[in-house]
Amino acid sequence: MDDGVGGPDCLALVIEDASLRFEAEDRFERMFNANPAPALITRLADQRHIRVNQGFLDMTGYSPDAVVGKSMFEFDILTRAENLQVAKDRLAAGDTIPQMEAELLLPGGGDKLVIVAGQPIEVSDEPCMLWTFADLEPRRRAERALRGSEDRFSRLFALAPVAIAVTSADGQRMVEVNEAFASLTGYPAVQSVGRSPDELGLWSDAAESARIAKAIAERGGVRSCDVRIVRRDGGEVDCLMSAEAVTLRGERSVMWLYQDITARRHTELELIAAIEAVMKDTSWFSRSVMEKLANLRNPHRDDRSAQVSELTPREREVLELICEGLDDRQIAERLQVSANTVRNHVTRVYAKIGVNRRGAAMVWARERGVAAIR
């Protein structure tokens, strides 16, 4: 209000309490700076960065002066963004910018892969965009390392001289085989991948296959099992087999390695034959040596069957006479015991070695060199 000549007659003072607004802005500033998540604020009017927190500086290695006051043109945070045009359009309109991958240029050269998103806010009554970031560089390094590891594995898998096959976790489907496996079995990769070992008829002994599958399920793998597999042409191959449950390309699988020992097995059998020929009719071979020779001759026999050492001297004597072709009466005369006593000995021998007829007992004894034991 003024007087007649325009001078002030009295003054009116209008006071507005802005304490809450300033307190809120102060709280926002403290929270923004303390937040470990990388963040940046850009004023929409001129698209200049007006705030940057320590998380962003730590992630990128920039100093505050290199960021604050710079425009989006001078310090572009959307370099190689996957939806760059969408981000630019929404920034110009002041709308929310959805998460997208982008690459931040670093001060020392190079770039850093991030996820960036924008949220419109007001800072000191000015429309702004709050940018938040998630560092994806560790993931990218891990992915690169994984790809490199898978590439190396693929090369080693293909070039390995040992036959290797990868099956599904339950062993019911061949996922991948190498050239050595195709050569060993006679099945090209196109004929084996997607089929089960049973469909291919690879296992010579189905019971042995079931035991190995159970061991893999219970213990995660097996080592150096003596197995026999059947080739496509029907021939059989002696192998040392190892298997391990593994994770390949994110899927649970089983890796099988087969080493062909057929030639070595033939050499061992020839050696055994030569030793037996040289030592024929001798009596000084120890029982342990004879049992080891029998093990080499027949590595696929049932490991649960008795060893010769489990028989008593009298039972071994009865078994030797059985191998000579004597019946119970003749054995009784030879040993000067009753026929009933002989029958009791024969029954105990059958029970210990797991057979139920004379011919099987003779085969069991010949495999273990019993006739050479005195």
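With a 1.4 Å probe and every protein chain kept in, tell me what percent of the accessible surface of segment 1-138 is carbon plus sulfur. If you can, show how the numbers build up before the last one.
On the way: 4430 of 8270 Å².
C and S fraction of accessible area: 54 percent.
So, in Å, what gap is there between the alpha-carbon centers of segment 44-81 and segment 208-235?
With segment 44-81 and segment 208-235 each reduced to a Cα centre, they are spaced 61 Å.
Within the set of other residues whose C-beta is less than 13 Å from the C-beta of M362, count the net charge using Lys and Arg as +1 and Asp and Glu as -1.
Numbers: positive: R357, R358, R366, R368; negative: E320, E324, D327, E367.
Around M362, the surrounding residues sum to 0.
Please calculate how many Å² of accessible area segment 27-86 carries per residue, with a 1.4 Å probe and no DNA, RNA or ligand atoms counted.
On a per-residue basis, segment 27-86 sits at 55 Å².
Can you pull a Stokes-Einstein diffusion coefficient for segment 59-194 at 25 °C (0.890 mPa s), Rh from Kirkwood over Cα pairs, as a whole number of µm²/s?
Rounded, D is 127 µm²/s.
Calculate the all-directions average of the projected area of segment 172-263's alpha-carbon convex hull, and give it in nm².
Quarter of the Cα hull surface area: 5.8 nm².
In the full protein assembly as shown, how much of I50 is accessible to a 1.4 Å probe, in Å² to the nearest 10?
30 Å²
Give me the distance in nm between label points sitting 7 Å out from Cα along the Cα-to-Cβ direction at E244 and A66, one decimal.
Result for the modelled spin labels: 4.4 nm.
Can you list which of the chymotrypsin sites (Phe, Trp or Tyr not before Pro) found in segment 81-172 are DSSP loop residues with at most 16 other C-beta atoms within 10 Å?
Within segment 81-172, no chymotrypsin sites (Phe, Trp or Tyr not before Pro) qualify (loop, at most 16 other Cβ atoms within 10 Å).
Which whole-Hz ³J(HN,Hα) couplings does segment 81-92 yield from phi under the Karplus relation 6.51 cos²θ - 1.76 cosθ + 1.60, θ = phi - 60°, glycine and proline marked x?
Per-residue couplings from phi come out as 5, 5, 10, 4, 5, 4, 4, 5, 5, 6, 5, 5 Hz.
The values are calculated or read from the model by the stated rules, or taken from the named source; none is laboratory data. Computed from a prediction, not measured in an experiment: that's the story for all the values here. Quick reminder, even Gly has a Cβ in these numbers, built from the backbone with ideal geometry, and neighbours come from all protein chains shown. To get the accessible areas, we keep the full protein, side chains included, count just its heavy atoms, and leave off ligands, DNA and RNA. Shrake-Rupley method; radii C 1.70, N 1.55, O 1.52, S 1.80 Å.
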